[in-house]
Amino acid sequence: MSLLVVGLSHRTAPVTVLERAALTGDVPTRLLHDAAATATVSEAALLNTCNRIELYADVDKFHAGVAELSLLLAQHSGVDLEELTAHLYVHYEDRAVHHLFSVACGLESMVVGEGQILGQLRDALARSQEEHTAGRGLNELFQQALRVGKRAHSETGIDKAGQSLVTFGLDQVAAGAGEIAGKRALVVGAGSMSSLAAATLARAGVGDLVIANRTAERAERLAATLGARTVDFAKVPQALADADLVISCTGSAGVVIQAADVAAAVAVREAGRQGPLAFLDLAMPRDVDHAVHELPGALLIDLESLSQVDAALPGAGDVAAVTDIVADEVAAFGAAQRAARIAPTVVALRAMASEVVGAELARLESRLPDLDERSRAEVAQTVRRVVDKLLHAPTVRVKQLAAEPGGASYAEALRELFDLDPGAVHAVSGTPLGPQAQPSSGSLAGGAAR
């Protein structure tokens, strides 16, 4: 496969752009189908998180693939193509594999080493499988990425030192509003991120935990698992006054918590409550009105705030160890892919040899019709053994050479030397005929690949 990645993240785009580009509702599914339907793409997958939008595609033309995927990202995100292009990054083939494996290990996360990305990658693969946009190539790639991520967490300390975005955000809240334990907490939303936040709060020992969600049944299920209680979503503005800490991540397209409601809640909070009314907004686009930053008596920590904080990085040794793991795994994956590309040529060669043997044995039988059955079988076995021995060493060696960079040339040489029918090789591999483009990775804005 020729893997292409086109995307943007917190590393290349400000939060304001990520917020406008956020894909919600059925937009991710429509984008996925439109990407898979383009002329240059045979498979597609979408990684869509609060601070990352990435299209992964198996393409047959690099430049056309970049242009088409970039245009689709602009059309579905609503951000003008010219503006979006300045924040996009592009990776191709081995560089694309390296990027995905780095993402899986948490090296590209806002908080280095966080493990939540593995679940998000698993969800991305599941969605592409359910929508039938991913085939064998992307399935194998994402499965290997998940294995690499798990290996990084099991063989190094990056999972212990790396924090989840929820934990990191709560640390910032504690720094500005005091310890989490004993606080009255309101969680708005009941999706994966909100559920993680609620579970984290429960473990932290909050004094009271309340869940609000548009779908009441989901809120009730989550509350039942944590020993929490629920409040009607429409009553969230009134519930703010009873909370010390509010965490929101709803996936809504607009603001859920207005500055005016926060101001009113701050005004009526009971006397004696220590610290400001704190908000942790983990949604993209944001759930909490940005104007809350300016309100006295309120503290707002959102993704923009978190992006400006230097997260406590894992030890340099753990990062270096994970980096080495990624490099080794990329090399191994590339070698396996290159070896797999020559396999159809080897199969076609052996099939051709078998046809030649069959034709010659049939010719021998017509010229020596009186040859007894035992002699005929011995001759056939001898001829096949000779051909197998002649082909064994070169086919084994060509597989070894093909695993090295540039190994595709050995398959081409084999096809040329033995005059193999390209159609026969195509029938074995099931891959399109024709040359592949060989550009390098890089930023669309003209910088180095990120």
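Rule-based calculations on the coordinates, nothing more; no lab input. For clarity, every value in this text was computed on a predicted model and none was experimentally measured. Here the Cβ positions follow ideal geometry from the backbone for every residue, glycine too, while neighbour counts run over all protein chains shown.
Going from the residue with the fewest nearby Cβ atoms within 10 Å to the one with the most, C50, C249, C105 rank C50, C249, C105. Listed by chain and number, the lysines whose C-alpha is less than 24 Å from the C-alpha of K183, apart from same-chain residues fewer than 8 away, are K235.
Rounded to whole numbers, the Karplus 3J(HN,Hα) couplings from phi for segment 211-216 are 10, 10, 8, 4, 8, 4 Hz, using 6.51 cos²θ - 1.76 cosθ + 1.60 with θ = phi - 60°, and x at Gly and Pro.
Each helix, a run of at least 4 DSSP H residues, gives -39500 (n - 2.57); summed and divided by the residues of the chain, these come to -17500 deg cm²/dmol at 222 nm. Straight-line cross-link reach from K150 at under 20 Å between alpha-carbon atoms covers these lysines, not counting any fewer than eight positions away in the same chain: K160.
For segment 165-307, the square roots a ≥ b ≥ c of the C-alpha gyration tensor eigenvalues yield an a/c under 1.5, which makes the shape rounded. P(r) for segment 326-419, please, calculated from all Cα pair distances in 5 Å bins and given in %. Histogramming segment 326-419 at 5 Å steps yields 2, 12, 19, 16, 13, 11, 9, 7, 5, 3, 2, 1, 0, 0 percent. Whole-Hz Karplus values for segment 21-33 come out as 8, 3, 9, 10, x, 8, 4, x, 5, 5, 5, 4, 5 Hz, taken residue by residue from phi with 6.51 cos²θ - 1.76 cosθ + 1.60 and θ = phi - 60°; glycine and proline positions read x. Short-range pairs are left out: with C-alpha atoms under 8 Å and at least six residues apart, the relative contact order of segment 165-307 is 24 percent. Convex hull volume of the C-alpha atoms in the chain, normalised per residue: 177 Å³. Once backbone amide H atoms are built at 1.01 Å from N, F279 has V246, L299, L300, I301 as its partners under 5 Å, excluding neighbours fewer than 5 places away on the same chain.
Backbone geometry of segment 280-292 corresponds, through the Karplus equation with coefficients 6.51, -1.76 and 1.60 at θ = phi - 60°, to 3J(HN,Hα) couplings of 10, 9, 9, 8, 9, x, 5, 8, 9, 3, 4, 5, 4 Hz, x marking Gly and Pro. Taking a sphere under 14 Å around the Cβ of L391 and counting the other residues whose Cβ falls inside, with K and R at +1 and D and E at -1, yields a net charge of +4. The Cα center of segment 42-64 and the Cα center of segment 272-298 differ in position by 35 Å. Only Cα pairs under 8 Å and 6+ residues apart enter the sum, and on that basis the relative contact order of the chain stands at 16 percent.
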